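Heads up, the thing below is written out as structure tokens.
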Amino acid sequence: MKPRLAALGALTLTLLLAACNGGVSTGNGTTPMLRVANLAYAAPSNFDVLQGTTTLATNLPYGQATAFVNASTGGTTVTFDPTGTTTASITANLTIAGGTNYSVLALQGNSALTYLDVAAQAPSLGTGQAQVSFVNAAPAQGGLDIYVTSPTAALPLTPSQTAIGYAGDAATVTPVPFSVTAGDYRVRAVKTGDTTQALVYDSGPLVFAAGANPLLVFVPVTGSASALSMVSLGSDSTVTTIADQRTQVRVGNFAPANGTVDTYFDQNGMSNGATTPFDTTLAQGSASAYQSLLPGAYHASFTVSGQTAELIGSDLTLAAGTSVSVFAAGVANQAVPYNLKLLVVRDDLRAPVTGMAKLRVVHLSPDLYPGSSIDLVPLTTANGITTVGQTIIRNLAYAGASSYASVIPGNYTLAVVPTGAQTPVLPTSAGVPITLTANTVTTLVVAGCLQPSSGVVCATSTTPLQLIQLND
């Protein structure tokens, strides 16, 4: 099911691409000009940048650019040296032509640090016009179709520009600019050839001011609603990162007495409708896949599957470029903190340290040591004797989420114990087998009841205690 997108007026971020931040220097139209930008997200250090023997920048960090400087025609070399060294990580060999402006972008290429040489003519703009130019600096994305529309327009069938691909490591690319009337816009990208027009990037509302001529560069990112971000390079050396404005959202049905539910994310003033669910028929003990919503104020609600009357709900604000899990927890007609509620958890989907796995725990079992806390521990069994290893997650209270732990990948047998104890309880003393793969992010949800169908809290639930693995 396709997610519903909020009205763009709900966005809190609006970027003004003013004339002073144009991406191509106007110069005098004859003398070539040159600048450099550090867009190498995987670089281990900042750069000292030289053109021949002339220093263009010292200690240039990621996400910054130099101002344009006059350049001489003919062959030249630009080197990016790790700051404090004289050994180039990137060497760009250029041929400078008159009347052309060059932006040399340090970036992560197909397998190593490299560069793109962006060659563009100085713009010629009419009164009340702006000019935009797009560059694809994301090697893994393939071609992009770009749509530049008004902020609230539906995605048209025909893109503004098609098949903008990565030019290749150490390549020169000449973007095809196009002019627009100054005003409010929105930039969206779809992979070339995708007939479903699934968005891979959404800028939200932008303002292209009269005289603006931004160079807009797509770069790779991790941990957001998109694998892409867009960087605006300005002729005054201003660099503005325009993250994908959508929020990644998933829902989980971990209230132990709930049956199958439908879920909704409604804007203010809207109500649940039979044709507008976020996710349907979500079984108890399961979570949906992530879907993308534009940021803004929402009312999240869970209903009995097939109905629109709210079973449980909560107001929340979704921030641009974030990832959020909304989990149902607790039991109806119970007192706080064991009441039926929605727990909103901020997710961190950024990749772990290379070669490691990233793990956290969400504690949603209402009768598991009420008023106490739990630890997550690995178990080792040898000669029929089970021992508890070094604690991975410590002192996690109900209903809450731990911070992320960096864990060596591998096969584990994991169990929950009362904080500081040595006797596993989940689901038995045997523990639960879990595989943590390198370079992945995992959430383990402690759900269900320690004593189903008994006690005060879980008298209405037959759901046993379980450890549920969610691959983020």
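The values are calculated or read from the model by the stated rules, or taken from the named source; none is laboratory data. Nothing here was measured: the structure is a model prediction, and the numbers come from that model. Reconstructed Cβ throughout: ideal geometry from the backbone, glycine too, with neighbour counts over all protein chains shown.
Okay, residues lined up against (1) in contact with an Asp or Glu (Cβ under 6 Å, 6 or more places away or on another chain); (2) polar (S, T, N, Q); (3) over 23 Å from residue 40 (Cα atoms):
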residue: 108; (1), (2), (3): no, yes, no
residue: 129; (1), (2), (3): no, yes, yes
residue: 132; (1), (2), (3): no, no, no
residue: 138; (1), (2), (3): no, no, no
residue: 141; (1), (2), (3): no, yes, no
residue: 144; (1), (2), (3): no, no, no
residue: 160; (1), (2), (3): no, yes, yes
residue: 166; (1), (2), (3): no, no, no
Only one of 251, 190 that is in contact with an Asp or Glu (Cβ under 8 Å, 6 or more places away or on another chain) and buried (at least 22 other Cβ atoms within 10 Å of the Cβ): 251
Single unsatisfied condition, residue 434 versus (1) at negative phi; (2) free of Cβ contacts under 8 Å to residues at least 12 places away in the same chain; (3) not basic (Lys, Arg): (2)
Pick from segment 157-181, criterion surrounded by 18 or more Cβ atoms within 10 Å (Cβ to Cβ) and of a type in the set (A, V, I, L, M, F, W, C), ranking: farthest from residue 228 (Cα to Cα): 173
Within segment 334-393, tally of residues that are free of Cβ contacts under 8 Å to residues at least 24 places away in the same chain and either in a strand (DSSP E or B) or outside the structural domain of residue 411 (by TED's automatic domain parsing) (or both): 6
Residue satisfying all of: in segment 58-72; surrounded by fewer than 17 Cβ atoms within 10 Å (Cβ to Cβ) and assigned to a strand (DSSP E or B); nearest to the chain's Cα centre (by Cα) among these: 59
Exclusive hit being modelled with pLDDT under 95 and buried (at least 17 other Cβ atoms within 10 Å of the Cβ), set 126, 211: 211
Residues located in segment 305-353, provided they are over 26 Å from residue 367 (Cβ atoms) and either of a type in the set (Val, Ile, Thr) or more than 15 Å from the chain's Cα centre (by Cα) (or both): 306, 307, 308, 309, 315, 316, 317, 322, 324, 353
Single match in 34, 16, 94 (criterion: in contact with a Ser or Thr (Cβ under 6 Å, 6 or more places away or on another chain) and either modelled with pLDDT of 85 or more or not in a loop (DSSP other than H, G, I, E, B) (or both)): 94
Strands (runs of 3 or more DSSP E) within segment 171-278 that include 2 or more residues more than 17 Å from the chain's Cα centre (by Cα) and in the same structural domain as residue 305 (by TED's automatic domain parsing): 247-253, 261-267
Test: residue in segment 121-137 that is closer than 17 Å to residue 186 by Cα and either in a loop (DSSP other than H, G, I, E, B) or among the acidic types (Asp, Glu) (or both): no
